[in-house]
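The values are calculated or read from the model by the stated rules, or taken from the named source; none is laboratory data. Model, not experiment: these values are computed from the prediction. Every residue, glycine as well, gets a Cβ built from its backbone with ideal geometry; the counts of neighbours run over all protein chains shown. Note: accessible area is taken over every heavy atom of the protein model, side chains too, but ligands, DNA and RNA are not part of it. Shrake-Rupley method; radii C 1.70, N 1.55, O 1.52, S 1.80 Å.
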Amino acid sequence: MNAHEKCAEASVLCKESEKKALLEFKHSLQVMDSLGDDTLFLWDTEECCFWHGVECNSLTGYVEILDFSLKSWVVAGTISPSLLKLHHLTSLNFNSNDFNGSLIPEFFGSLKKLKLLDLSNANFRGPIPSLLGNLSMLETLRLGGNGGDVTFRHNFKKMFSVGKLEWLSHLSRLKEVDLSLTNLSNANDWSQVISHLPLLQKLSLRHCDLPSISSSSLSLANSSTSLTYLDLSDNNLPSSAIYPWLFNVSSNLVSLDLSSNHLKGPIPEAFGNMKAIQELYLSDNLLVLAENQVRGDSGLNEIGKLPDFSVLDLGYNLLNGSISTSIGQLSNLLVLRLAGNSFDGDVISEAHFSNFTYLQELDLSYTSLTLKFNSGWIPPFQLSQIKLCSCKLGPGFPDWLRTQMDFLLVLEYLDISASGISDSLPYWFWDKFQGLPYINMSFNQISGTFPNNSIHIIQLDLSSNNFSGPLPRFSLEFVVIGTINLSKNKFNGSVSPICNVNDEGSLALLDLSNNQFSGVVPDCFGSFSPLTALNLGDNSFSGSLPSSLGYLISLEMLSLRGNKFSGVLPSSLQNCAKLKFLDLSDNELSGEIPMWIGQKLSSLVFLSLQGNQFRGRIPHQLCGLKNLQILDLSVNKISGTIPPCLNNFTSMAKKVSLDRRIEHHILDTGPRFLSLEGVYGEPIWIIEVRYVDEALLTWKGTKQSYPQLGLLLAIDLSCNKLTGEIPEELISLQELVVLNLSRNHFNGKILQKIGHIRQLEVLDLSRNKFSGDIPTSLSALTFLSNLNLSYNDLSGKIPTSTQLQSFDPSSFSHNRGLCGPPISPNCSMVEPPRGKPAVGSEEDSDEFMKWFYTGIGLGFAVGFWGFCSVVFFKRSWRHSYYRYMDNAKDWVYVTFVLLKARLVRRIKGPSTRCD
């Protein structure tokens, strides 16, 4: 019964004093819906029992419940003490709102009649006030930092810090406590306090940095008959600390989560004594199977005899050996997760699954298990989630999957990636699996083409296969966030079908890279504003870049490398202010590098314009890219000098915490219920798609993919027309790993303090006009593994150090004035530097050259006319001469063709040379 019905039934108006208190409470808040409108505008009506979020007692009219946990609302601001005037308030719920890190108001401890207090996931910070211990009527306390969502716990910081938990022991009526993501590292009394809450049924202390339980605390613990749900995951608790306490308080546990701790050794047989247990989560520990457990006659089998046991999660432990067919005794299992263990070479047959009639989720990912079933096998179960990544299912496509869509809307998740399938996709696949929320068949050798009709998808990954033909016609399901990854296949033709993908849903990721697509990219990105990552690299696209790319205001990654795009960069691209990764390398783009790249795209971490036809100077506005980790402008026609302000690249100048990779976490919250009013209800589950941007750059002479961007800080300006000296400010980039300035027209001396860039591993200054000595500071670069100073005008002795003398002599070649190891034993015999002639004056040289050219002219005249006379008067000589010239012409032609072929092979091979 809602608030309106309660008040209407009783015909009792809310109290005027409480109405005034609520209005005062409203004035200190901002409450908005998804459109940004004020949700509490109806709070101006007379009857406060009708107001959103307010519920009154149907008999007395007193306000008893304030609930602001609706997902369509966002409540912010400050909470007024006027709530103290609501003397009959029993429930206060601010779950999933944003109070911007403010403290929990201490006056909450004076709301004496509260039975429920929910501040979870509401962005409160600081210490939990001990005055909450005065709420003697409290039955439910939820202060968890993440609202129960465990999927993204790594993104959240600790919400609260707490000393002792003694105040909690005063709340003797508590039935549910959630302190997840709270810092309890100093709460040495946590186990004692929990043991003295006689009515406690549900306890969540996930990711709380719990201290180990001391033996003295263990002696004070009481056995609990009420506790049914216990979550102690993500606390790094050792076996010795948790097992004795756990088995003392666990007589009626139904659900136990000890995942992501530090449990070692065999799985304790004592779990089999938990007669009420239904769900057991032990993933991410260091558990092993004892020999008797491998044979199947141990604690796991005792659990299997329990009538209601339904969830077993042993993923990501150290389990190995063979899986006994006796695992089938767990006949009531709904969920079986063994992912991330080392069952190398073991074979799973239908005998293992024969009793799993009720199984709904099967996760054997990353186990290297071989699934070998008889032809025509029909499983006894109907799965909703199939996770078999890295299992061995091939070479044929597993036919038993066909049976998993016999009932409408059952299967939700299919992952058979990297499973050794080298077969064509069966004709029935898209008929059966169309509309499936998540499909991942990547890293196989599956071939085939797609039907002409539109395919309904949500999350689709077919990358690294042998699919061919034109781009399929995809459509997203209604009101979903979708991803499409078709990279590294053999698709061809136009990509114009992408224009119709976003008709109903919202595409967040599109990767069509490493295919054979061609033609012009359609200018239809105006409806793709939710797109986070767009990768069209390594195809044969041509024409100019679509101006509608500027509508991609959520875009963080754009890769168009390895195509034939031409023209200037569209100015609309500056609207993509969230871009972190921009790769336009190996195209035919021209014009000057736009200033707005440095002004508008300030979040850039990776920028590559390599292998184009950009000209002009490097704009000093690029220095505004403080987060930049890789800058590659090589192989262009850029001129002028290096801007001295490059020392503003903070990521290269200071030791800061860098993103080790650029990852996109694309979320879809799974199925929802639909009504005439739209989408409502809680998501059934959450799908997370991770996408990592991989940089392709020249690293130690070879082009290679490099996903760990945070480990590589690089500047590559090679193969341009840059001039002048290296600016002194470059020395400030002390975290720089790669510096390549080769094949330009730089002059002057190499920076004397270049050795202060301590992290340098690659330094290439070859084929310039540097002169003078090699700086002695180079000998301090202990990480230097690739050095090239060749083809300059350097002179003097090569500095002595273990590092420099270990390089090949070619690193110093074609510097006429250099001497010493490794190019010569010592400096006693050195070529004189180029300069004026050693003997004679300039006048002597001019006189000599005058008589030299006169002699050449006379010799040519006599020889030419003598030869012509003989050929003209003697026929046999004339014919021999013509035959010789024909043969010579053929020889020249063949030699030219062979040299050209060799040159082409050298250009196409991996090198750092300019095209």
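From the backbone phi of the stretch 506-513, what are the Karplus-calculated ³J(HN,Hα) couplings (6.51 cos²θ - 1.76 cosθ + 1.60, θ = phi - 60°) in whole Hz, Gly and Pro given as x?
Running phi through 6.51 cos²θ - 1.76 cosθ + 1.60 with θ = phi - 60° gives 10, 7, 9, 9, 9, 10, 10, 5 Hz.
Residue by residue, what Karplus-based ³J(HN,Hα) values in Hz, rounded to whole numbers, does the stretch 316-330 have, using 6.51, -1.76 and 1.60 with θ = phi - 60° and x for Gly and Pro?
Taking θ as phi minus 60°, the curve returns 6, 10, 10, 5, 8, x, 10, 9, 5, 5, 5, 4, x, 5, 7 Hz for the stretch 316-330.
Using 1/(1 + (r/R0)^6) with R0 = 35 angstrom and r between the beta carbons of Asn320 and Gln445, what's the FRET efficiency to the nearest 0.05?
0.75
Can you put Ile553, Ile439 in order of accessible area, largest first, using a 1.4 Å probe?
Ile553, Ile439
If amide H atoms are built 1.01 Å from N in the plane of the peptide, which residues on other chains or at least 5 residues away come under 5 Å of the amide H of Leu289?
Asn320
After finding the eigenvalues of the alpha carbon gyration tensor for the stretch 541-596, what semi-axes result from the square roots of 5 times each, listed largest first in whole Å?
Semi-axis lengths for the stretch 541-596 are 18, 12, 11 Å.
Calculate I(q)/I(0) for the stretch 342-427 by the Debye formula, one identical point scatterer on each C-alpha and no solvent, and give its log10 at q = 0.13, 0.22, 0.23 Å⁻¹ to two decimals.
-0.39, -1.23, -1.35
Of all the C-alpha pairs in the stretch 244-396, what % are more than 20 Å from each other?
Result: 47 percent of Cα pairs exceed 20 Å.
Note the full-extension length gain between Met595 and Ser375 as 0.36 nm times their separation in residues minus their Cα-Cα distance, in nm to one decimal.
Separation in residues times 0.36 nm, less the Cα-Cα distance, equals 72.8 nm.
Could you give the nm distance between label points at Thr78 and Lys264, where each point is 7 Å from its Cα heading toward the beta carbon?
For Thr78 paired with Lys264, the spin-label model returns 5.2 nm.
If the chain between Leu306 and Ser17 were fully stretched, how many nm would it gain, using 0.36 nm times the residue separation less the Cα-Cα distance?
Result for the pair: 98.4 nm of gain on full extension.
I need the calculated FRET efficiency for the pair Leu199 and Arg125, taking r as the beta carbon distance and R₀ as 30 Å, to the nearest 0.05.
After rounding to 0.05, the efficiency reads 0.50.
Any chance you could run the full-extension gain for Lys564 through Cys645? It's 0.36 nm times the residue separation minus the Cα-Cα distance, nm to one decimal.
Gain on stretching Lys564 to Cys645: 25.9 nm.
What distance in nm lies between label points placed 7 Å from Cα along the C-beta direction at Ile455 and Met32?
Between Ile455 and Met32, the simple spin-label model gives 4.0 nm.
Can you give me the Kirkwood hydrodynamic radius for the stretch 38-116, using every pair of distinct Cα atoms, in Å to one decimal?
About 13.6 Å, per the Kirkwood formula over Cα pairs.
Report, by chain and number, residues whose modeled amide H sits under 5 Å from the one on Gly77, excluding near sequence neighbours (fewer than 5 apart, same chain).
Gln30
List the residues, sorted by chain then number, that are 5 or more residues from Gln759 or on another chain and whose placed amide H is less than 5 Å from its amide H.
Sorted by chain and number, the residues that satisfy this are Leu736.
Quick one: Cα convex hull volume of the stretch 433-539, Å³ per residue?
89 Å³
Rg to Rh ratio, the stretch 497-629, alpha-carbon atoms and Kirkwood radius?
Answer for the stretch 497-629: 0.95.
Report the calculated FRET efficiency for His814 and Gln516 (r = Cβ-Cβ distance, R0 = 41 Å), to the nearest 0.05.
0.45
7 Å from Cα along Cα→Cβ at both Ser824 and Ser212: what's the point-to-point distance in nm?
About 6.7 nm separates the two model spin labels.
Report ³J(HN,Hα) in whole Hz for each residue of the stretch 74-80, in order, from the Karplus equation J = 6.51 cos²θ - 1.76 cosθ + 1.60 where θ = phi - 60°; Gly and Pro get x.
Using θ = phi - 60°, the values come out as 9, 9, 9, x, 10, 9, 6 Hz.
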